[in-house]
1. Roughly how tilted is helix 200-213, in degrees to the nearest 10 and between 0 and 90, from the longest Cα axis of the chain?
2. Suppose we take every Cα in the chain and form the convex hull; what volume per residue is that in Å³?
3. How far is helix 107-122 tilted, in degrees, relative to the longest principal axis of the Cα atoms in the chain, given as a value from 0 to 90 rounded to the nearest 10?
4. So how much slack lies between L89 and L227, counting 0.36 nm per residue of separation and subtracting their Cα-Cα distance, in nm?
5. Using θ = phi - 60° and the Karplus relation 6.51 cos²θ - 1.76 cosθ + 1.60, list the HN-Hα couplings for region 89-99 in order, rounded to whole Hz, with x at every Gly or Pro.
6. For G131, which sequence-distant residues (separation of 5 or more, or a different chain) have an amide H within less than 5 Å of its own amide H, given hydrogens modelled in the peptide plane?
7. Highest mean first, what order results for 16-24, 232-240 on Cβ atoms within 10 Å?
8. Please build a GNM for the chain, connecting alpha carbons under 10 Å apart, and tell me which residue among S48, S146, S171 fluctuates the most.
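Read-outs throughout are calculated quantities, based only on the coordinates presented, and are distinct from any laboratory measurement. Keep in mind that this is a model prediction, so the values were computed, not measured. Counting neighbours? That spans all protein chains shown, and the Cβs are built from the backbone with ideal geometry, glycine included.
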Amino acid sequence: MNIKGSTVLLTGASGGIGTALAQKLAAKGARLVVTGRRAEVLQQLETSLGARALVADLSDREAVEDLAERAGPVDILVANAALPSSGHLLDYTPRQIDRSLDVNLRAPLLLSRLLAPHMVAAGRGHLVMIGSLSGRTSSPGTSLYSAAKFGLRGFAHGLRQDLYGTGVGVSIVQPGFVREAGMFADTGAVPPAGIRTVSPEQVAAGAVSAIERNRAEVNVAPLELRLGSAIGGLFPTLAAAAQRRASPASLVQQIAQAQRHQR
């Protein structure tokens, strides 16, 4: 898929990783349509990158359909919007659970459904889901977040097969711990000893690679995390014991406490 000249809808553009994605896509010559909840950040992207800005709250189900209509025909969807959802499930209200799943899973699924028909008719297009390594293996305090990210990964791989031969590709991009920007960085928590991080720019480069090379899955993380997540998928009981040792309760509590203020 050639990004240059293509219309790209980027969700979650007002976050730190979203900004890196917007800059990378603009540098590739995309016609950007950016969306998020923070109008002031979107306006900055409109000014600096020539993007078209559409404010939308993807936890509002009607707003998702409205966004697809306002965006118009697009060639590429980069579904980056996400809500932090760390901590024990018993600490969440039913309303908070619904909001998390609506943004992290339902919105990218529905946007794909609404935008893909134009791509199929045109014989070209790409759908990119920005997931997480929490969609490959779970760790303490991630049950709700992992539920969405596991679902997003399964959705992307299944839809990719459904659209095979139409000219429309589907990819899942899964970062590990991201420094400098994004939900983990915003908590101020420190990764477990020996675990390295990646930059927002590396995540953006992974998304571009997924589009240009039609890659099914791109895991943006150091080798130790990629191996760990692969082993975790094969041997969940063994991985759970290792995760409990590598992710002490204090780290989980730090992340959950910081993210609780964002719900």
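1. 50 degrees
2. Normalising the Cα hull of the chain by residue number yields 116 Å³.
3. With rounding to tens, the tilt is 30 degrees.
4. Gain on stretching L89 to L227: 47.0 nm.
5. Rounded to whole hertz, the list is 4, 5, 8, 9, 7, x, 5, 5, 5, 4, 5.
6. For G131, whose amide H was placed from the backbone, the distant partners under 5 Å are V173, Q174.
7. Per-residue mean Cβ counts within 10 Å order the peptides as 16-24, 232-240.
8. Among S48, S146, S171, the largest mean-square fluctuation in the Gaussian network model of the chain belongs to S48.
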